[in-house]
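Each remark here refers to the structure printed beneath this line.
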Amino acid sequence: MPALGFGTWQLHDEAAADAVTAALTAGYRLIDTSGSYGNVAEVGAAVGGSSVAREDIFLVTKVESDEDPVESLRRQLGEMKLDRVDLTLIHWPPGVMGSAHEAHPADPHDRAGVHLWQGLIRAREQGMTTDIGVSNYNAELIDVLVDATDEVPAVDQVEWSPFGHSMRFREYLRSREIALQAYSPLAQYHKLDHPVLQKIAQAHGKTPGQVVLRWDFQLGVVPLPRSGSVEHIKENFGIFDFELSDEEMGKITGLNEEFSVIADKHGLGGLIYL
Ligand SMILES: NC(=O)c1ccc[n+]([C@@H]2O[C@H](COP(=O)([O-])OP(=O)(O)OC[C@H]3O[C@@H](n4cnc5c(N)ncnc54)[C@H](OP(=O)(O)O)[C@@H]3O)[C@@H](O)[C@H]2O)c1
């Protein structure tokens, strides 16, 4: 899996296709979308029509907890005009988000979405997705999936930024050999004017956003910054020509205050994997 990805949430129509094309031109090789973003047709067209070979692009999508994973992927692939994606994630565990709004299920198997996981295993067997994983899952829910199916998710995609993360959770994922993808890695640019980030950025002749994405890279976390601006898209890819010292890494990690943009937006009460 590439070390840096491109997020496409809230990018629609031509803007979505143009942003993905700009990202591929800038050098990104991982593109993240979801059946729920309303842009899989445009993202698929940009990936399928790119001068970058399809096998060099790592395309990620997601299915919702109130969907049949096989049906959802079949529909998405039809809209994308592609025959497979590289990774498909369960977007949210059941009962947390999405259109179903079902009460928090009491049974651990239902809470973890074991039926969804089994559906994704079937989708992989049918060749629709090369790999499968989860998003917004905590350790307890992942353990339930693995105990029930013997199948370990390849990835957990969770909210992760200097202002909101958990090194303990990262350790848990490492112990299971699950890759961590970081969504809202720039905290949607809300807090990047923090003096600690500004100072480190200045020392390297970089921007605070580049410093944050480099921090992810040195942690072995795969960030998925999103941007609709070609300048920002290029800027965010410029993280491979400098290195943060251990002291700088520690200072950035020390900014943690368990802040979550997504929890704020959806009333979830904090980082969901804690
Ligand atoms: N699995 C999940 O549940 C989940 C949830 C949320 C997000 N995600 C994924 O993660 C991706 C990223 O998360 P996100 O979109 O919430 O937030 P983000 O990447 O942290 O921030 C995006 C915001 O930052 C701005 N920005 C980006 N680069 C910039 C730069 N260099 N300078 C100034 N502003 C900059 C963008 O504006 P401009 O467009 O103006 O650059 C945009 O408003 C999503 O697109 C999606 O693919 C997944």
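Just so you know, all these numbers are worked out from the coordinates, no wet-lab data involved. As the structure is a prediction and not an experimental result, all values here were calculated from the model. Every residue, glycine as well, gets a Cβ built from its backbone with ideal geometry; the counts of neighbours run over all protein chains shown.
Some observations on this one:
- Charged side chains reduced to their Cβ positions (Lys and Arg at +1, Asp and Glu at -1) give region 95-194 a dipole of some 320 debye around its Cα centre.
- Taking every DSSP bridge with both residues inside region 86-229, close to 5 percent are antiparallel.
- In this simple spin-label model, placing a label point 7 Å from the Cα along the Cα-to-Cβ direction at both residue 106 and residue 168 gives a separation of 2.9 nm.
- Relative contact order of the chain, pairs being alpha-carbon contacts under 8 Å that are 6 or more residues apart, as %: 18 percent
- Centroid-to-centroid separation of region 192-240 and region 1-72 [C-alpha atoms, Å]: 21 Å
- FRET efficiency, 1/(1 + (r/R0)^6) with R0 25 Å, evaluated for residue 55 and residue 26 via beta carbons: 0.85
- 25 Å Cα-Cα reach of residue 191 towards lysines, excluding residues that sit fewer than 8 places from it in its own chain: 199, 206, 234, 251, 265
- The chain - share of DSSP beta bridges that are antiparallel (%, nearest 5): 5 percent
- Prolate/oblate/rounded call for region 117-217, Cα gyration tensor, a/c under 1.5 rounded: prolate
- Charged neighbours of residue 68, selected by a Cβ distance under 12 Å, balance to -1 (K, R count +1; D, E count -1).
- Table column - 3J(HN,Hα) (Hz), region 146-154, Karplus curve with 6.51, -1.76, 1.60, x for Gly and Pro: 5, 4, 7, 10, 6, 10, 8, x, 6
- Global geometry of the chain, whether rounded, prolate or oblate, following the gyration tensor of its Cα atoms and the 1.5 cut on a/c: oblate
- Taken about its Cα centre, the chain carries a charge dipole of about 500 debye when Lys and Arg each add +1 at the Cβ and Asp and Glu each add -1 at the Cβ.
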